[in-house]
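A short worksheet on the structure shown next.
The values are calculated or read from the model by the stated rules, or taken from the named source; none is laboratory data. Worth saying up front: this structure is predicted, and the values here are computed from it rather than measured. A quick note on method: Cβ atoms are made from the backbone with ideal geometry, for glycine too, and the neighbour counts reach across all protein chains shown. For the accessible areas, the whole protein counts, side chains as well, though only heavy atoms, and no ligand, DNA or RNA atoms are used. Shrake-Rupley method; radii C 1.70, N 1.55, O 1.52, S 1.80 Å.
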There are 2 protein chains.
Amino acid sequence: MSPLAFGPEQDEALERDAATWRPLVSSVRDLVDACVTTAVDDDEVRTAQEEIEAVVARLRRKRLPETLGRSYDPGDRRRAWSNPVIGVRNPVAPPLVVRRDAAGRAESDFHLGSAYEGPPGLVHGGVVSMILDQMLGQAVGATGRPGMTGTLTIVYRTGTPLGDLRAEAWVERHEPIKTFAKGRVIGADGVVTAEADGVFILPRHVREWVAAKERGEDVPPMPSLRIFD
Amino acid sequence: MSPLAFGPEQDEALERDAATWRPLVSSVRDLVDACVTTAVDDDEVRTAQEEIEAVVARLRRKRLPETLGRSYDPGDRRRAWSNPVIGVRNPVAPPLVVRRDAAGRAESDFHLGSAYEGPPGLVHGGVVSMILDQMLGQAVGATGRPGMTGTLTIVYRTGTPLGDLRAEAWVERHEPIKTFAKGRVIGADGVVTAEADGVFILPRHVREWVAAKERGEDVPPMPSLRIFD
(Lines give C-alpha, C1' and ligand atoms only; values in the text may rest on other atoms or scores of the structure.)
Protein backbone atom coordinates (compact mmCIF):
# COMPACT_ATOMS: atom_id res chain seq x y z
CA MET A 1 0.00 0.00 0.00
CA SER A 2 1.29 3.42 -0.90
CA PRO A 3 1.76 5.75 2.09
CA LEU A 4 -0.56 8.12 0.21
CA ALA A 5 -3.50 5.71 0.34
CA PHE A 6 -5.74 5.99 3.40
CA GLY A 7 -9.23 4.63 3.87
CA PRO A 8 -12.26 6.95 4.09
CA GLU A 9 -12.82 5.97 7.76
CA GLN A 10 -9.32 7.04 8.78
CA ASP A 11 -9.75 10.24 6.77
CA GLU A 12 -13.01 11.05 8.56
CA ALA A 13 -11.63 10.40 12.05
CA LEU A 14 -8.56 12.53 11.33
CA GLU A 15 -10.69 15.30 9.87
CA ARG A 16 -12.92 15.41 12.96
CA ASP A 17 -9.84 15.64 15.17
CA ALA A 18 -8.22 18.30 12.95
CA ALA A 19 -11.46 20.31 12.97
CA THR A 20 -11.11 20.69 16.75
CA TRP A 21 -7.61 22.15 16.47
CA ARG A 22 -7.87 24.32 13.35
CA PRO A 23 -9.80 27.26 14.88
CA LEU A 24 -7.45 27.45 17.91
CA VAL A 25 -4.27 27.26 15.88
CA SER A 26 -5.62 29.68 13.29
CA SER A 27 -6.32 32.20 16.08
CA VAL A 28 -2.80 31.73 17.47
CA ARG A 29 -1.40 32.39 13.98
CA ASP A 30 -3.44 35.61 13.94
CA LEU A 31 -1.98 36.43 17.36
CA VAL A 32 1.58 35.85 16.10
CA ASP A 33 0.85 38.17 13.17
CA ALA A 34 -0.65 40.75 15.55
CA CYS A 35 2.56 40.74 17.64
CA VAL A 36 4.58 41.98 14.66
CA THR A 37 1.93 44.31 13.18
CA THR A 38 0.20 45.93 16.15
CA ALA A 39 0.68 49.57 17.12
CA VAL A 40 -1.34 49.59 20.37
CA ASP A 41 0.10 51.32 23.44
CA ASP A 42 2.13 49.76 26.25
CA ASP A 43 -0.88 49.27 28.56
CA GLU A 44 -2.70 47.24 25.93
CA VAL A 45 0.43 45.15 25.38
CA ARG A 46 0.58 44.39 29.12
CA THR A 47 -3.11 43.50 29.29
CA ALA A 48 -2.78 41.21 26.28
CA GLN A 49 0.15 39.48 27.97
CA GLU A 50 -1.89 38.76 31.12
CA GLU A 51 -4.77 37.37 29.08
CA ILE A 52 -2.49 35.09 27.08
CA GLU A 53 -0.77 33.86 30.23
CA ALA A 54 -4.19 32.66 31.46
CA VAL A 55 -4.81 30.74 28.22
CA VAL A 56 -1.37 29.12 28.47
CA ALA A 57 -2.21 27.99 32.03
CA ARG A 58 -5.50 26.53 30.76
CA LEU A 59 -3.82 24.54 27.98
CA ARG A 60 -1.03 23.34 30.28
CA ARG A 61 -3.46 21.69 32.72
CA LYS A 62 -2.92 18.46 30.83
CA ARG A 63 0.10 17.71 28.71
CA LEU A 64 1.07 14.98 26.23
CA PRO A 65 3.55 12.56 27.83
CA GLU A 66 6.00 13.18 24.96
CA THR A 67 6.33 15.35 21.84
CA LEU A 68 3.58 15.07 19.23
CA GLY A 69 6.11 13.53 16.83
CA ARG A 70 6.70 10.72 19.33
CA SER A 71 3.06 10.41 20.43
CA TYR A 72 1.73 8.64 17.36
CA ASP A 73 2.63 5.53 15.41
CA PRO A 74 4.60 5.70 12.17
CA GLY A 75 2.21 6.41 9.31
CA ASP A 76 -0.31 8.24 11.52
CA ARG A 77 -0.67 11.66 9.96
CA ARG A 78 -1.20 13.27 13.40
CA ARG A 79 2.53 12.73 13.84
CA ALA A 80 3.08 15.55 11.31
CA TRP A 81 0.68 17.91 13.10
CA SER A 82 3.55 19.58 14.99
CA ASN A 83 5.63 20.01 11.81
CA PRO A 84 6.77 23.68 11.62
CA VAL A 85 5.93 23.93 7.88
CA ILE A 86 2.76 21.86 7.42
CA GLY A 87 1.57 21.16 10.98
CA VAL A 88 -2.18 21.50 11.63
CA ARG A 89 -1.43 22.01 15.34
CA ASN A 90 1.67 24.22 14.98
CA PRO A 91 1.15 28.01 14.84
CA VAL A 92 4.74 28.45 13.58
CA ALA A 93 3.65 26.69 10.35
CA PRO A 94 2.03 29.00 7.72
CA PRO A 95 0.80 26.10 7.22
CA LEU A 96 1.45 24.69 3.78
CA VAL A 97 -1.14 22.29 2.33
CA VAL A 98 0.84 20.04 0.01
CA ARG A 99 -0.67 18.14 -2.92
CA ARG A 100 1.48 15.26 -4.15
CA ASP A 101 1.47 12.11 -6.22
CA ALA A 102 3.26 8.77 -6.10
CA ALA A 103 5.49 9.77 -9.05
CA GLY A 104 7.25 12.12 -6.62
CA ARG A 105 5.73 15.50 -7.37
CA ALA A 106 4.64 17.95 -4.68
CA GLU A 107 3.11 21.41 -4.97
CA SER A 108 1.63 23.98 -2.64
CA ASP A 109 0.07 27.43 -2.88
CA PHE A 110 0.44 29.36 0.34
CA HIS A 111 0.65 32.80 1.92
CA LEU A 112 3.46 34.28 4.03
CA GLY A 113 2.73 37.36 6.13
CA SER A 114 4.77 39.70 8.30
CA ALA A 115 5.96 36.98 10.71
CA TYR A 116 8.15 35.57 7.93
CA GLU A 117 9.84 38.84 6.91
CA GLY A 118 13.61 39.09 6.56
CA PRO A 119 14.75 42.07 4.42
CA PRO A 120 12.04 44.76 4.28
CA GLY A 121 9.01 43.41 2.39
CA LEU A 122 10.75 40.14 1.54
CA VAL A 123 10.57 36.60 2.93
CA HIS A 124 13.51 35.68 5.20
CA GLY A 125 15.99 33.58 3.18
CA GLY A 126 15.99 30.95 5.92
CA VAL A 127 12.22 30.60 5.70
CA VAL A 128 12.59 30.00 1.95
CA SER A 129 15.11 27.22 2.68
CA MET A 130 12.86 25.73 5.39
CA ILE A 131 9.91 25.52 3.03
CA LEU A 132 12.00 24.02 0.23
CA ASP A 133 13.43 21.38 2.58
CA GLN A 134 9.90 20.35 3.51
CA MET A 135 8.66 20.36 -0.11
CA LEU A 136 11.56 18.23 -1.38
CA GLY A 137 11.05 15.84 1.55
CA GLN A 138 7.35 15.57 0.71
CA ALA A 139 8.12 14.79 -2.94
CA VAL A 140 10.62 12.11 -1.90
CA GLY A 141 8.23 10.63 0.69
CA ALA A 142 5.41 10.46 -1.87
CA THR A 143 7.36 7.82 -3.85
CA GLY A 144 7.23 5.47 -0.84
CA ARG A 145 10.95 5.81 -0.18
CA PRO A 146 11.15 8.54 2.50
CA GLY A 147 14.52 9.90 3.54
CA MET A 148 16.30 12.22 5.89
CA THR A 149 17.78 15.32 4.23
CA GLY A 150 21.47 14.64 3.51
CA THR A 151 22.41 17.79 1.56
CA LEU A 152 20.29 20.78 0.64
CA THR A 153 21.46 23.57 -1.69
CA ILE A 154 19.41 26.72 -2.19
CA VAL A 155 20.15 29.22 -4.96
CA TYR A 156 18.45 32.56 -4.33
CA ARG A 157 17.63 34.17 -7.71
CA THR A 158 15.94 37.28 -6.33
CA GLY A 159 14.09 38.37 -3.21
CA THR A 160 10.86 36.47 -2.47
CA PRO A 161 8.06 39.00 -1.86
CA LEU A 162 5.79 38.49 1.17
CA GLY A 163 2.27 37.43 0.14
CA ASP A 164 0.90 34.68 -2.09
CA LEU A 165 3.51 32.17 -3.17
CA ARG A 166 3.81 28.76 -4.78
CA ALA A 167 6.33 25.98 -4.16
CA GLU A 168 6.97 22.94 -6.34
CA ALA A 169 9.24 19.94 -5.86
CA TRP A 170 9.92 16.74 -7.75
CA VAL A 171 12.09 13.65 -7.60
CA GLU A 172 14.84 13.57 -10.23
CA ARG A 173 16.16 10.04 -9.66
CA HIS A 174 16.77 7.27 -7.13
CA GLU A 175 19.94 5.42 -6.21
CA PRO A 176 19.71 2.44 -3.83
CA ILE A 177 20.22 4.63 -0.75
CA LYS A 178 19.87 8.19 -2.09
CA THR A 179 17.03 10.07 -3.73
CA PHE A 180 17.77 13.28 -5.67
CA ALA A 181 15.09 15.96 -5.71
CA LYS A 182 14.66 19.52 -6.95
CA GLY A 183 12.27 22.32 -6.16
CA ARG A 184 11.53 26.01 -6.46
CA VAL A 185 9.57 28.92 -5.02
CA ILE A 186 7.55 31.13 -7.37
CA GLY A 187 6.13 34.59 -6.64
CA ALA A 188 2.61 35.75 -7.50
CA ASP A 189 4.05 37.32 -10.68
CA GLY A 190 5.36 33.92 -11.88
CA VAL A 191 9.03 34.75 -11.22
CA VAL A 192 11.11 31.89 -9.77
CA THR A 193 12.77 33.42 -6.70
CA ALA A 194 14.72 30.41 -5.36
CA GLU A 195 15.72 26.94 -6.51
CA ALA A 196 16.67 23.89 -4.45
CA ASP A 197 18.66 20.69 -4.96
CA GLY A 198 18.46 18.01 -2.30
CA VAL A 199 19.88 14.58 -1.60
CA PHE A 200 17.78 12.45 0.74
CA ILE A 201 19.16 9.38 2.51
CA LEU A 202 17.09 6.29 3.25
CA PRO A 203 17.90 5.13 6.83
CA ARG A 204 19.15 1.52 7.07
CA HIS A 205 16.09 0.13 8.90
CA VAL A 206 13.77 1.73 6.32
CA ARG A 207 15.99 0.41 3.53
CA GLU A 208 15.54 -3.14 4.83
CA TRP A 209 11.78 -2.61 4.97
CA VAL A 210 11.69 -1.29 1.37
CA ALA A 211 13.78 -4.23 0.15
CA ALA A 212 11.44 -6.74 1.81
CA LYS A 213 8.42 -4.96 0.33
CA GLU A 214 9.99 -4.98 -3.14
CA ARG A 215 10.58 -8.75 -2.81
CA GLY A 216 6.83 -9.06 -2.31
CA GLU A 217 7.08 -10.02 1.37
CA ASP A 218 4.22 -9.35 3.79
CA VAL A 219 5.59 -6.31 5.66
CA PRO A 220 4.30 -4.30 8.64
CA PRO A 221 3.47 -0.58 8.18
CA MET A 222 6.34 1.72 7.10
CA PRO A 223 8.83 1.89 10.01
CA SER A 224 9.63 5.12 11.81
CA LEU A 225 12.36 7.46 10.62
CA ARG A 226 13.33 8.10 14.24
CA ILE A 227 17.06 7.55 14.57
CA PHE A 228 17.63 8.39 18.25
CA ASP A 229 15.93 5.75 20.43
CA MET B 1 31.12 53.85 12.26
CA SER B 2 30.78 50.09 12.43
CA PRO B 3 27.17 48.85 12.31
CA LEU B 4 27.97 47.10 15.62
CA ALA B 5 28.70 50.36 17.43
CA PHE B 6 25.71 52.04 19.09
CA GLY B 7 25.69 54.74 21.73
CA PRO B 8 24.51 54.04 25.30
CA GLU B 9 21.50 56.36 24.85
CA GLN B 10 20.25 54.43 21.82
CA ASP B 11 20.85 51.17 23.67
CA GLU B 12 18.80 52.36 26.66
CA ALA B 13 15.88 53.60 24.54
CA LEU B 14 15.83 50.34 22.59
CA GLU B 15 16.03 48.27 25.77
CA ARG B 16 13.07 50.14 27.31
CA ASP B 17 11.04 49.50 24.17
CA ALA B 18 12.10 45.84 24.02
CA ALA B 19 11.19 45.39 27.70
CA THR B 20 7.57 46.25 26.83
CA TRP B 21 7.39 43.55 24.16
CA ARG B 22 9.40 40.71 25.71
CA PRO B 23 6.78 39.48 28.24
CA LEU B 24 4.00 39.47 25.62
CA VAL B 25 6.03 37.67 22.99
CA SER B 26 7.43 35.23 25.54
CA SER B 27 3.85 34.34 26.56
CA VAL B 28 2.86 33.85 22.92
CA ARG B 29 5.86 31.52 22.48
CA ASP B 30 4.57 29.55 25.49
CA LEU B 31 1.16 29.47 23.82
CA VAL B 32 2.65 28.15 20.57
CA ASP B 33 4.41 25.43 22.57
CA ALA B 34 1.16 24.65 24.43
CA CYS B 35 -0.65 24.13 21.10
CA VAL B 36 1.67 21.26 20.19
CA THR B 37 2.04 19.78 23.70
CA THR B 38 -1.39 20.11 25.34
CA ALA B 39 -3.69 17.16 26.00
CA VAL B 40 -6.74 19.09 27.28
CA ASP B 41 -10.19 18.12 26.01
CA ASP B 42 -12.13 19.63 23.09
CA ASP B 43 -14.15 22.03 25.28
CA GLU B 44 -10.98 23.55 26.72
CA VAL B 45 -9.56 23.92 23.21
CA ARG B 46 -12.70 25.81 22.13
CA THR B 47 -12.62 28.08 25.21
CA ALA B 48 -8.94 28.83 24.64
CA GLN B 49 -9.74 29.76 21.02
CA GLU B 50 -12.42 32.26 22.08
CA GLU B 51 -10.09 33.86 24.62
CA ILE B 52 -7.29 34.22 22.08
CA GLU B 53 -9.65 35.69 19.51
CA ALA B 54 -10.42 38.47 22.01
CA VAL B 55 -6.70 39.23 22.48
CA VAL B 56 -6.21 39.35 18.72
CA ALA B 57 -9.05 41.88 18.46
CA ARG B 58 -7.42 43.97 21.21
CA LEU B 59 -4.04 44.04 19.46
CA ARG B 60 -5.60 44.76 16.07
CA ARG B 61 -7.29 47.97 17.29
CA LYS B 62 -4.26 49.86 16.02
CA ARG B 63 -1.94 48.57 13.33
CA LEU B 64 1.45 49.65 11.96
CA PRO B 65 1.00 51.32 8.55
CA GLU B 66 3.47 48.82 7.00
CA THR B 67 5.50 45.76 8.03
CA LEU B 68 7.92 46.16 10.92
CA GLY B 69 10.81 45.64 8.49
CA ARG B 70 9.62 48.67 6.51
CA SER B 71 8.63 50.76 9.55
CA TYR B 72 12.11 51.71 10.70
CA ASP B 73 15.13 53.32 9.14
CA PRO B 74 18.10 51.28 7.94
CA GLY B 75 20.38 50.60 10.89
CA ASP B 76 17.56 50.81 13.46
CA ARG B 77 17.66 47.50 15.27
CA ARG B 78 13.87 47.53 15.72
CA ARG B 79 13.77 46.69 12.02
CA ALA B 80 15.02 43.17 12.95
CA TRP B 81 12.37 42.72 15.66
CA SER B 82 10.07 40.85 13.28
CA ASN B 83 12.89 38.56 12.08
CA PRO B 84 11.68 34.92 12.33
CA VAL B 85 14.98 33.74 13.85
CA ILE B 86 16.14 36.58 16.14
CA GLY B 87 13.09 38.87 16.36
CA VAL B 88 12.25 40.28 19.82
CA ARG B 89 8.65 40.85 18.63
CA ASN B 90 8.23 37.63 16.61
CA PRO B 91 6.85 34.55 18.45
CA VAL B 92 7.95 32.34 15.52
CA ALA B 93 11.58 33.13 16.49
CA PRO B 94 13.05 30.90 19.26
CA PRO B 95 14.60 33.68 19.47
CA LEU B 96 18.34 33.41 18.99
CA VAL B 97 20.52 35.96 20.78
CA VAL B 98 23.61 36.29 18.59
CA ARG B 99 26.99 37.48 19.83
CA ARG B 100 29.31 38.65 17.06
CA ASP B 101 32.45 40.63 16.32
CA ALA B 102 33.70 42.83 13.49
CA ALA B 103 36.09 40.07 12.32
CA GLY B 104 32.98 38.23 11.09
CA ARG B 105 32.33 35.66 13.81
CA ALA B 106 28.85 34.95 15.19
CA GLU B 107 27.71 32.50 17.85
CA SER B 108 24.52 31.70 19.70
CA ASP B 109 23.36 29.29 22.39
CA PHE B 110 19.65 28.63 22.15
CA HIS B 111 16.87 26.16 22.87
CA LEU B 112 14.43 24.54 20.43
CA GLY B 113 11.27 22.93 21.81
CA SER B 114 8.42 20.90 20.35
CA ALA B 115 7.28 23.58 17.89
CA TYR B 116 10.47 22.97 15.87
CA GLU B 117 10.17 19.16 15.64
CA GLY B 118 10.51 17.36 12.32
CA PRO B 119 11.34 13.65 12.69
CA PRO B 120 10.36 12.35 16.16
CA GLY B 121 12.54 14.01 18.80
CA LEU B 122 14.64 15.84 16.21
CA VAL B 123 14.74 19.41 14.88
CA HIS B 124 13.10 19.83 11.45
CA GLY B 125 15.85 19.95 8.81
CA GLY B 126 14.35 23.13 7.40
CA VAL B 127 14.58 24.83 10.79
CA VAL B 128 18.28 23.90 10.90
CA SER B 129 18.77 25.54 7.49
CA MET B 130 16.78 28.62 8.55
CA ILE B 131 18.96 29.14 11.62
CA LEU B 132 22.18 28.62 9.67
CA ASP B 133 21.08 31.13 7.00
CA GLN B 134 20.54 33.72 9.74
CA MET B 135 23.83 32.93 11.52
CA LEU B 136 25.91 33.17 8.33
CA GLY B 137 24.13 36.41 7.44
CA GLN B 138 24.90 37.80 10.91
CA ALA B 139 28.59 36.89 10.58
CA VAL B 140 28.74 38.57 7.16
CA GLY B 141 26.87 41.66 8.37
CA ALA B 142 29.22 42.01 11.37
CA THR B 143 32.09 42.81 9.00
CA GLY B 144 30.26 45.92 7.77
CA ARG B 145 29.62 44.39 4.34
CA PRO B 146 26.10 42.93 4.64
CA GLY B 147 24.72 40.84 1.82
CA MET B 148 21.69 38.97 0.57
CA THR B 149 22.06 35.18 0.58
CA GLY B 150 23.10 34.05 -2.92
CA THR B 151 23.69 30.35 -2.33
CA LEU B 152 23.30 28.29 0.83
CA THR B 153 24.39 24.65 1.14
CA ILE B 154 23.57 22.59 4.21
CA VAL B 155 25.16 19.20 4.89
CA TYR B 156 23.24 17.24 7.51
CA ARG B 157 25.69 15.01 9.42
CA THR B 158 23.15 13.49 11.82
CA GLY B 159 19.80 14.37 13.36
CA THR B 160 19.77 17.51 15.53
CA PRO B 161 18.13 16.67 18.89
CA LEU B 162 15.49 19.06 20.26
CA GLY B 163 16.73 20.95 23.31
CA ASP B 164 19.82 23.05 24.01
CA LEU B 165 21.88 23.80 20.91
CA ARG B 166 24.69 26.02 19.73
CA ALA B 167 25.29 27.64 16.34
CA GLU B 168 28.50 29.21 15.08
CA ALA B 169 29.31 31.05 11.85
CA TRP B 170 32.29 32.85 10.46
CA VAL B 171 33.43 34.70 7.34
CA GLU B 172 35.96 32.78 5.26
CA ARG B 173 36.85 35.46 2.70
CA HIS B 174 35.62 38.46 0.74
CA GLU B 175 35.61 39.14 -2.98
CA PRO B 176 34.57 42.60 -4.25
CA ILE B 177 30.89 41.58 -4.50
CA LYS B 178 30.72 38.23 -2.70
CA THR B 179 31.40 37.16 0.87
CA PHE B 180 31.97 33.46 1.64
CA ALA B 181 30.87 32.21 5.06
CA LYS B 182 30.62 28.91 6.91
CA GLY B 183 28.74 27.73 9.96
CA ARG B 184 27.55 24.76 11.98
CA VAL B 185 25.04 23.56 14.54
CA ILE B 186 26.28 21.65 17.58
CA GLY B 187 24.20 19.51 19.96
CA ALA B 188 24.44 19.59 23.77
CA ASP B 189 26.81 16.58 23.55
CA GLY B 190 29.27 18.55 21.37
CA VAL B 191 28.45 16.65 18.17
CA VAL B 192 28.29 18.77 14.99
CA THR B 193 24.91 17.90 13.47
CA ALA B 194 24.91 20.17 10.39
CA GLU B 195 27.36 22.35 8.45
CA ALA B 196 26.67 25.27 6.14
CA ASP B 197 28.43 27.06 3.30
CA GLY B 198 27.03 30.34 2.07
CA VAL B 199 27.76 32.95 -0.56
CA PHE B 200 26.39 36.40 0.21
CA ILE B 201 25.99 39.10 -2.43
CA LEU B 202 26.46 42.80 -1.74
CA PRO B 203 23.64 44.70 -3.53
CA ARG B 204 24.84 47.37 -5.96
CA HIS B 205 23.62 50.38 -3.94
CA VAL B 206 25.32 49.02 -0.81
CA ARG B 207 28.46 48.32 -2.85
CA GLU B 208 28.63 51.97 -3.89
CA TRP B 209 28.18 53.04 -0.25
CA VAL B 210 30.98 50.69 0.93
CA ALA B 211 33.31 51.98 -1.82
CA ALA B 212 32.67 55.61 -0.82
CA LYS B 213 33.27 54.74 2.84
CA GLU B 214 36.51 52.95 1.98
CA ARG B 215 37.68 56.04 0.06
CA GLY B 216 37.21 57.93 3.35
CA GLU B 217 34.22 59.94 2.12
CA ASP B 218 31.65 61.35 4.55
CA VAL B 219 28.78 58.86 4.01
CA PRO B 220 25.21 58.65 5.37
CA PRO B 221 24.18 55.64 7.53
CA MET B 222 24.35 52.20 5.86
CA PRO B 223 21.69 52.09 3.13
CA SER B 224 18.78 49.65 3.20
CA LEU B 225 19.05 46.19 1.70
CA ARG B 226 15.53 46.54 0.35
CA ILE B 227 15.57 45.66 -3.31
CA PHE B 228 11.87 46.01 -4.23
CA ASP B 229 10.80 49.65 -4.01
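Yes/no per residue for (1) more than 30 Å from A:Ala212 (Cα to Cα); (2) open to solvent by 60 Å² or more (accessible area, probe 1.4 Å); (3) facing chain B (nearest Cβ under 8 Å):
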| site | (1), (2), (3) |
| --- | --- |
| A:Trp21 | yes, no, yes |
| A:Val28 | yes, no, yes |
| A:Arg60 | yes, yes, yes |
| A:Pro74 | no, no, no |
| A:Arg79 | no, no, yes |
(message) I'm trying to understand the selection: among the residues of segment B:188-219, which are among the β-branched types (Val, Ile, Thr) and either within 14 Å of B:Arg145 (Cα to Cα) or not in a loop (DSSP other than H, G, I, E, B) (or both)?
(response) B:Val192, B:Thr193, B:Val199, B:Ile201, B:Val206, B:Val210
(message) Just the residues that are without any contact (Cβ under 8 Å) to a residue 60 or more places away in the chain, buried (at least 16 other Cβ atoms within 10 Å of the Cβ) and within 15 Å of B:Asp109 (Cα to Cα), please, taken from segment B:165-182.
(response) B:Leu165
(request) Return the total of residues in segment B:123-147 being over 12 Å from A:Ile154 (Cβ atoms), at the interface with chain A (Cβ under 7 Å from one of its Cβ atoms) and either without any contact (Cβ under 8 Å) to a residue 12 or more places away in the chain or surrounded by fewer than 24 Cβ atoms within 10 Å (Cβ to Cβ) (or both). (result) 1
(request) Please find, among A:Arg166, A:Arg215, the residue that is more than 30 Å from B:Asp189 (Cβ to Cβ), more than 13 Å from chain B (Cβ to nearest Cβ) and at pLDDT 95 or above. (result) A:Arg166
(message) Please verify whether A:Gly113 is surrounded by 24 or more Cβ atoms within 10 Å (Cβ to Cβ), within 10 Å of chain B (Cβ to nearest Cβ) and in contact with a Gly (Cβ under 9 Å, 6 or more places away or on another chain), treating the condition exactly as stated.
(response) no
(request) Could you grab the pairs with beta carbons closer than 8 Å, sequence gap of 6+ or different chains, first residue in segment B:30-47 and more than 7 Å from chain A (Cβ to nearest Cβ), second one in a helix (DSSP H, G or I) and open to solvent by less than 30 Å² (accessible area, probe 1.4 Å)? (result) B:Asp33/B:Ser114; B:Asp33/B:Ala115; B:Arg46/A:Thr20; B:Arg46/A:Leu24
